[in-house]
1. May I ask you to verify whether Thr41 is assigned by TED's automatic domain parsing to the domain that holds Arg173 and exposed (fewer than 15 other Cβ atoms within 10 Å of the Cβ)?
2. Scan the helices (runs of 4 or more DSSP H) fully inside region 216-315 and keep the ones with 1 or more residues being among the charged types (D, E, K, R) and modelled with pLDDT under 85.
3. Scan region 163-205 residue by residue and report those that are on the phi > 0 side of the Ramachandran plot and either surrounded by fewer than 20 Cβ atoms within 10 Å (Cβ to Cβ) or among the β-branched types (Val, Ile, Thr) (or both).
4. So, restricting to strands (runs of 3 or more DSSP E) that lie completely within region 48-122, which ones have at least 3 residues that are under 21 Å from Ser22 (Cα atoms), touching a helix residue (DSSP H, G or I) at 6+ places or on another chain (Cβ under 8 Å) and free of Cβ contacts under 8 Å to residues at least 60 places away in the same chain?
5. Within region 100-126, work out how many residues are modelled with pLDDT of 95 or more, touching a Lys or Arg at 6+ places or on another chain (Cβ under 9 Å), of a type outside the set (S, T, N, Q) and surrounded by 14 or more Cβ atoms within 10 Å (Cβ to Cβ).
6. I need a count of the residues in region 262-282 that are under 11 Å from Ser227 (Cβ atoms) and either among the basic types (Lys, Arg) or exposed (fewer than 13 other Cβ atoms within 10 Å of the Cβ) (or both).
7. Out of Ala209, Ala264, Ala237, report the one residue that is in the same structural domain as Phe105 (by TED's automatic domain parsing), under 19 Å from the mean Cα position of the chain (by Cα) and small (Gly, Ala, Ser).
Amino acid sequence: MLVSVIIPAFNVDSYIVETIESILNQTYREIEIIVINDGSTDNTLDKLKYLSNQHSNIKVFSRNNSGLSSTRNFGMKKAVGKYIIFLDGDDLLTNIAIESCIGQFTKDESIDVVLFDATPFFDEDCYDTEKSNFTYRRDENLYGKVILGDDFFNQCIKLNCYIPSACLYMVKRKTLINLEFYPDIYHEDHLFTTLLLFLQPRVYLLEKALYLRRFRNNSITTIRKNSKHANGYLTVAKQLIDIHENIICKNELFNKYICDLLYATIEICDLLEMIDKSLIYESRSLYNEKMKKNLKYNIKINYTMLFKLIKRILK
């Protein structure tokens, strides 16, 4: 059963060889490695060409810079494996990662998505005591069960352990046929993974940390929050409302998630002391027009402080 590993690569010449070697060293061997050079201006492409000449299962594509979402979408179109897994160009997989996922798919062929946890690690010049305590682990009640995707989402929100990273699961390619990453935004995984789960695939969560997440300077993960982060959260909220407005009146946990995205938008705007208040106005409008009437009393109370914050910002 062929597995397609999709790796977007933008200016990662210091990391890309180690990343690809973590795939070449997998205990499972039926793998195609699809690497898309996203307009790199360093030596990333040269290193990719060298690796592809050494290994026939590495397929390298090069495009003008299009961003992470568009690059992943391109990779999905090129993939021919039965299963897909995403890997960022500076991160790693443990050598048993793919075998562990395939093993679960083999045990139960009805499963569509196998999820797993991650372990963070740090470049020497990027170590942060606060970030060192960050965990990519879900609640213990979620491991080792086959459940529908929307139920998994609900339980994660309820247990405060929702991790939407698209790199933390392997998925049957046919499950993704009508799904794409939203282009040109940050936090695209929040939308992609949530939409995937509400397609109601059968999911299974392994109690294994199979992904190694690198923290380094000047990556999307570590750069200071800016207006792109705020716009990303707001775009995800708008898309979820547009696509699943019928769920809003039924699913309180879905509502809470959208309100959390709006809260994150406003919080970043306040942190940045943004002169342009359009994102704040739009967040307030979405909440008042789409969310407020469908929230239970206790959740409305939780968001009272948010709108006190909005009033202060807009004075």
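The values are calculated or read from the model by the stated rules, or taken from the named source; none is laboratory data. Not measured: the values here are computed from a predicted model. Here the Cβ is made from the backbone with ideal geometry for all residues, glycine too, and neighbour counts use every protein chain on show.
1. The answer is yes for Thr41.
2. Where helices (runs of 4 or more DSSP H) fall fully within region 216-315 and carry at least 1 residues being among the charged types (D, E, K, R) and modelled with pLDDT under 85, they are 245-248, 252-272, 278-286, 297-302, 304-314.
3. Asp184, Gln200
4. 58-63
5. 8
6. Total meeting the criteria: 3.
7. Step by step, each of Ala209, Ala264, Ala237 is checked, and only Ala209 is in the same structural domain as Phe105 (by TED's automatic domain parsing), under 19 Å from the mean Cα position of the chain (by Cα) and small (Gly, Ala, Ser).
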